[in-house]
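Participant: Just dropping this structure here.
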Amino acid sequence: MRITVIGCGYLGAVHAACMAKLGHEVVGIDVDERKVSALSAASAPFFEPGLDALLKEVQETGRLSFSTDMASAKGSSVHFICVGTPQKKGENGADLTYVDAATRDLLPYLSPGDLIVGKSTVPVGTAARLAGIIEQTQPAVHTMWNPEFLREGHAVSDTLHPDRLVYGIAGGSEEHIAVQVLDRVYATPLETGTPRLVTDLPTAELVKTAANSFLATKISFINAMAELCDAAGADVTMLADAIGLDDRIGRKFLNAGIGFGGGCLPKDIRAFMARAGELGADQALTFLREVDAINMRRRTRVVELARELCGGSLLGQRITVLGAAFKPESDDVRDSPALSIAAQLQLQGAVVTVTDPKALHNAARRFPELHYEESTEVALQRADALLLLTEWQEYRDLDPYEASAFVSSSKILDGRNILDASKWRAAGWTYRGLGRP
Ligand code: UDX
């Protein structure tokens, strides 16, 4: 099939490459010339494991191209909308400017029978509104919503082997012709038994926001337990292991630490609350305000613990922050708790050096006032305290004996609770975890 993917960010670039991998002929469209020329040269404009290799592989088949010209959508039968829906400036709601513009700009290039499939995370009601606009000029074009659940760092495998496919269509009928068209797009994952759920449009939109809200709640729940463990002298990692063995609870997403960040969870729970307010159902989601507040408190807590670790004052203390990305295997620093903590420490008088295997370029654009160092070894030199804030494998593998040779004071705050505390203490370090005695 010939497919258009509009928006070539973290979602669209991966989706375009994966659709070509599934055998389709794909054109990726983005307004950003820099992104389009990087992708055309088989180089992803961001770090995502496996994506460069996949781009190269599918471009060699001639099935994948990129363009800044919306007219290249002409001739495709399926058009995926993958543009961003960031948080509005100064408000909790989602900014739908890009989704609206992509749909409007696409309209002149559609033919009867074409399918527009939204993948962006949108407030419930958006798909029906867009379907109304599309129907006015293109009554024979179908609109579907097919939310994407990929995780950064695992985006390629999550797209090629999704754990479920959700198709939203007005009326929610399995018999709709558009459902059969989307089945052809996803023929390969469907053949391997991927569950497929056909729903109406608002349910499909809500599946995505509900899933992200649940994940955020799980993380804030365990972080609230970490606060209690700190107060009671208990160990939150053991607590998570023990409650996680109950398969109704499960151990995944129960890692207490500095909290969640990134381009999705924080803005999605806020947009969800804002939308619930518009729908007159705000009470249903007031708990998400607490989820957000617990998450933000983690950052303040780490700054306070760092102060304690430094003997009561941050002034002039040389602090090395290990990790800037919001999570490992990503160079994404959007709402990164690690970077926000680094900036706070610097504001409060510490001399902060930040290191990260992939995210320094993005970090420096967001917080140019911080000092960045590529080499972990150099970053460790003469540090008065280390803060491990993103759990990259290379930081998990740090040897406490070797590391102590570089630093000026052997103190470490493990913001992700991933180090073996007894091993670090045995090597002479003052070790602090979060919610661990
Ligand atoms: C998330 C959803 O997982 C994905 O399904 C959706 O499509 C987009 O949003 P992503 O933003 O890539 O994906 O990151 P995710 O792996 O969910 O992690 C989010 C944040 O939670 C990270 O900052 C991570 O460090 C943090 N986290 C995760 C914890 O603090 N503890 C955990 O146990 C798990």
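The values are calculated or read from the model by the stated rules, or taken from the named source; none is laboratory data. Bear in mind that the values here come from a model prediction, so they are computed numbers and not experimental data. Quick reminder, even Gly has a Cβ in these numbers, built from the backbone with ideal geometry, and neighbours come from all protein chains shown. Calculation scope for accessible area: heavy atoms of the full protein, side chains included, ligands and nucleic acids excluded. Shrake-Rupley method; radii C 1.70, N 1.55, O 1.52, S 1.80 Å.
Participant: Got a sec to turn the phi values of region 417-433 into Karplus ³J(HN,Hα) couplings, 6.51 cos²θ - 1.76 cosθ + 1.60 with θ = phi - 60°, whole Hz, x for Gly and Pro?
Facilitator: Result, ordered by residue: 6, 10, 8, 7, 4, 5, 5, 5, 5, 4, 8, x, 8, 7, 10, 10, x Hz.
Participant: Still on this structure, please answer the following. Taking the Cα atoms only, what angle lies between the long axis of helix 126-137 and the longest principal axis of the chain, rounded to 10 degrees?
Facilitator: 30 degrees
Participant: Cβ neighbours within 10 Å, averaged per peptide: list 54-67, 363-376 in order, most packed at the top.
Facilitator: Values: 54-67: 17.4, 363-376: 15.1.
Per-residue Cβ counts within 10 Å, averaged per peptide and sorted highest first, yield 54-67, 363-376.
Participant: Between 0 and 90 degrees, rounded to the nearest ten: what's the tilt of helix 265-278 against the longest Cα principal axis of the chain?
Facilitator: With rounding to tens, the tilt is 60 degrees.
Participant: Work out from phi, with θ = phi - 60° and the Karplus expression 6.51 cos²θ - 1.76 cosθ + 1.60, the ³J(HN,Hα) of each residue of region 382-393, listed in order in whole Hz, and give x for Gly and Pro.
Facilitator: 6, 6, 7, 7, 10, 10, 8, 10, 10, 7, 4, 4
Participant: In deg cm²/dmol and to the nearest 500, what is the mean residue ellipticity at 222 nm of the chain if only DSSP H runs of at least 4 residues count, each as -39500 (n - 2.57), divided by the residue total?
Facilitator: -13000 deg cm²/dmol
Participant: Further question on the same structure: Could you state the accessible area per residue of the chain in Å², with a 1.4 Å probe and every protein chain left in place?
Facilitator: Ligands and nucleic acids excluded, the figure is 43 Å² per residue.
Participant: Nearest 20 debye, what's the magnitude of the dipole of the chain about its Cα centre given +1 on Lys and Arg Cβ and -1 on Asp and Glu Cβ? Kindly include the intermediate steps, with their values, before the conclusion.
Facilitator: Details: 44 positive and 55 negative charges, 131 e Å.
For the chain, the charge dipole is close to 620 debye.
Participant: What percentage of the solvent-accessible surface of region 2-199, computed with a 1.4 Å probe over protein heavy atoms, is contributed by carbon and sulfur atoms?
Facilitator: Exposed carbon and sulfur together represent 52 percent of the surface.
Participant: For region 293-432, give the percent of accessible area contributed by carbon and sulfur heavy atoms, probe 1.4 Å, rounded to a whole number.
Facilitator: Accessible surface attributable to carbon and sulfur in region 293-432 totals 48 percent.
Participant: As I understand it, the value is the acute angle between the Cα axis of helix 286-309 and the longest principal axis of the Cα atoms of the chain; what does it come to in degrees, rounded to 10?
Facilitator: The two axes meet at around 30 degrees.
Participant: Just going by the charge dipole of the chain, with Lys and Arg at +1 and Asp and Glu at -1 on Cβ, which of Ala231, Leu106, Gly250 is farthest out on the positive end?
Facilitator: The listed residue farthest towards the positive side: Ala231.
Participant: For region 235-289, with all protein chains present and a 1.4 Å probe, just round the carbon and sulfur fraction of the accessible area to a whole percent. Please list the in-between numbers first.
Facilitator: Details: 1700 of 2940 Å².
Using a 1.4 Å probe with all protein chains present, region 235-289 comes out at 58 percent carbon and sulfur.
Participant: A further question on this structure: Separation of region 381-437 and region 167-184 by C-alpha centroid, Å?
Facilitator: Using only Cα atoms, the two centres lie 52 Å from each other.
Participant: Also, quick follow-up: In what sequence, highest mean first, do 211-222, 31-42 appear when ranked by Cβ atoms within 10 angstrom? Walk me through the numbers before you get to the answer.
Facilitator: Working: 211-222: 19.4, 31-42: 15.9.
Packing order, densest peptide first, comes out as 211-222, 31-42.
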